[in-house]
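Colleague: Just dropping this structure here.
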């Protein structure tokens, strides 16, 4: 039962390793991953290629797509949550060690013939 709880806790922590932080368009940096939400409700995720006074250029699926800044309603930057990642790795490691230490040598109930 303890192992099941550890496994579920690890999966829960690993799910939240990538988070999106709200940003202003003026804070965009080339080479970073962003999620744009347009006024029509469409969301697009991509890597910022460049920004100009009027447009944002995102690389999505090897294509560079241009978005006018006036059509963007919100902007989020994808970041890695290292605390959650470290917690997940620690839980998986602890669960593995616990599993190895708690295993029984007589796990196989029959004798294996030589």
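Colleague: What tally of residues in the range 35-56 results from selecting those that are buried (at least 16 other Cβ atoms within 10 Å of the Cβ) and within 23 Å of the chain's Cα centre (by Cα)?
Modeller: The qualifying residues number 4.
Colleague: Another question, then. Being at pLDDT 90 or above and either surrounded by 13 or more Cβ atoms within 10 Å (Cβ to Cβ) or in a strand (DSSP E or B) (or both): is that true of residue 20 here? Spell out the reasoning first.
Modeller: Working: at pLDDT 90 or above: no; either surrounded by 13 or more Cβ atoms within 10 Å (Cβ to Cβ) or in a strand (DSSP E or B) (or both): yes.
Against the criterion (at pLDDT 90 or above and either surrounded by 13 or more Cβ atoms within 10 Å (Cβ to Cβ) or in a strand (DSSP E or B) (or both)), residue 20 does not qualify.
Colleague: Hand me the list of strands (runs of 3 or more DSSP E) wholly inside the range 42-114 holding 1 or more residues that are closer than 17 Å to residue 23 by Cβ and at pLDDT below 80. First the steps, then the outcome.
Modeller: Details: elements: 43-51, 55-60, 63-68, 72-80.
Counting at least 1 such residues, we get 72-80.
The values are calculated or read from the model by the stated rules, or taken from the named source; none is laboratory data. As the structure is a computational prediction, the values presented were derived from the model and not from experiment. Every residue, glycine as well, gets a Cβ built from its backbone with ideal geometry; the counts of neighbours run over all protein chains shown.
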